[in-house]
Amino acid sequence: MNLPITEGAVLLPGFAAAMGADVMAGVQAVIQQAPFRHMTVPGGHKMSVAMSNCGRAGWVSDGNGYRYDARDPETGRPWPPMQPCFFDLARDAAARAGYPDFTPDACLINCYAQGARMSLHQDRDEQDFTAPIVSVSLGAAAIFLFGGLKRGGKPRRIRLEHGDVVVWGGPARLAYHGIAPLRQGDTRYNLTFRKAL
Ligand code: MD6
Ligand code: FE
């Protein structure tokens with residue numbers, strides 16, 4: 001089932017549910033090499049969401065800003081390789097949503113404990129905005145906040161359950177979005193796949 005969110009953005013409810021256990025095993029393999037950490041944002045605060053990455057490029061934030069980096073700044077080593085089942089899942093979801101030939105080179109893994117949130121932002125650190133983003137939600141449900149192309153206004157609220165996948169690109173690629181503070185005691189994981197380089 002494809003549920004349109006807005007032009008260019010699609011919710012695929014439960015698309016990843018059947019491979020949820022495989023994906024979580026992949027997350028465990030990645031975080032053994034590149035443990036979750038709370039990155040610092042340019043204002044100096046630490047993010048409430050804990051993050052890691054796999055793939056050729058990893059999204060990082062520090063006091064100087066945001067960037068993609070081939071290496072984990074905590075260890076100086078390259079990020080773990082993209083798990084094959086991650087790549088296939090992202091590619092299949094993108095194709096289902098109308099974006100064939102998606103070749104992600106970056107997978108950002110987000111871990112939300114109770115109270116963690118992500119404030120409204122645009123994903124604009126990638127080189128090429130013609131590729132979509134594929135976002136996979138696992139574990140506890142969360143409220144996805146979906147705004148417009150400009151800051152301000154009241155965002156829509158979309159509940160993302162375990163196994164749900166959101167694909168967005170085209171005219172929605174630079175929409176403001178975020179995650180409301182997690183209410184449940186359970187942990188939520190989110191994998192966002194991008195073509196960063
Ligand atoms: C999250 N997601 O779901 C955070 N960005 O935990 C994102 O920031 C995001 O879900 C771009 C596209 C889809 C997303
Ligand atoms: Fe984002």
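The values are calculated or read from the model by the stated rules, or taken from the named source; none is laboratory data. Since the model is a prediction, treat every value here as computed from it, not as a measurement. Positions of Cβ are backbone-derived with ideal geometry, glycine not excepted, and every protein chain shown enters the neighbour counts. Accessible surface is based on the protein model in full, side chains and every heavy atom, while ligands, DNA and RNA are left aside. Shrake-Rupley method; radii C 1.70, N 1.55, O 1.52, S 1.80 Å.
Computed with a 1.4 Å probe over protein heavy atoms only, the accessible surface of the chain comes to 47 Å² per residue. You can think of it this way: the chain between D22 and H45 has 4.9 nm of extra reach, that is 0.36 nm per residue less the Cα-Cα gap. Remark: the chain carries a charge dipole of roughly 660 debye about the Cα centre, counting +1 on each Lys and Arg Cβ and -1 on each Asp and Glu Cβ. Rolling a 1.4 Å probe over the protein heavy atoms of segment 44-181, with every protein chain left in place, gives an accessible area that is 51 percent carbon and sulfur. In a fully extended conformation the segment linking A141 and A29 would gain 38.0 nm over its present Cα-Cα distance, using 0.36 nm per residue. Charges were assigned to the Cβ only: +1 to each Lys and Arg, -1 to each Asp and Glu. The resulting dipole of segment 30-128 about its Cα centre is roughly 300 debye.
Positive end of the dipole of the chain (Cβ unit charges, origin at the Cα centre): among A50, P73, C85, the Cα lying farthest that way belongs to A50. Farthest toward the positive end of the dipole of the chain, out of H177, T103, L138, is the Cα of H177, where the dipole comes from beta carbon charges about the Cα centre. Counting only Cβ charges, +1 for Lys and Arg and -1 for Asp and Glu, the dipole size of segment 155-197 around its Cα centre is about 180 debye. If you plug the beta carbon distance of R157 and R77 into 1/(1 + (r/R0)^6) with R0 = 35 Å, you get a FRET efficiency near 0.35.
Between F36 and Q114, the simple label model (points 7 Å from Cα in the Cβ direction) yields a spacing of 1.5 nm.
Mean residue ellipticity, 222 nm, helices only, the chain: the sum of -39500 (n - 2.57) across DSSP H runs of n ≥ 4, divided by residue count and rounded to 500, is -4500 deg cm²/dmol.
Where the alpha-carbon atoms of the chain are placed on the principal axes, they occupy 41, 36, 36 Å, in descending order. Straight-line reach from K195: taking Cα to Cα under 27 Å and skipping same-chain neighbours fewer than 8 places apart, the lysines in range are K46, K150.
Pick from G153, G65, G26 the residue whose mean-square fluctuation is largest in a GNM of the chain, springs joining Cα atoms under 10 Å. With Cα springs under 10 Å in the chain, the top fluctuation among G153, G65, G26 is at G153. In this structure L149 has an accessible area near 100 Å², from a 1.4 Å probe over the protein heavy atoms. State whether segment 25-85 is rounded, prolate or oblate according to the following rule on the C-alpha gyration tensor (a ≥ b ≥ c being the square roots of its eigenvalues): a/c under 1.5 gives rounded; otherwise a/b larger than b/c gives prolate, and the remaining case gives oblate. Here segment 25-85 falls in the prolate category.
Within the chain, which is the longest segment that contains none of the trypsin sites (Lys or Arg not before Pro) sitting in a DSSP loop with at most 10 other Cβ atoms within 10 Å? Here the longest segment lacking exposed loop sites spans 1-123.
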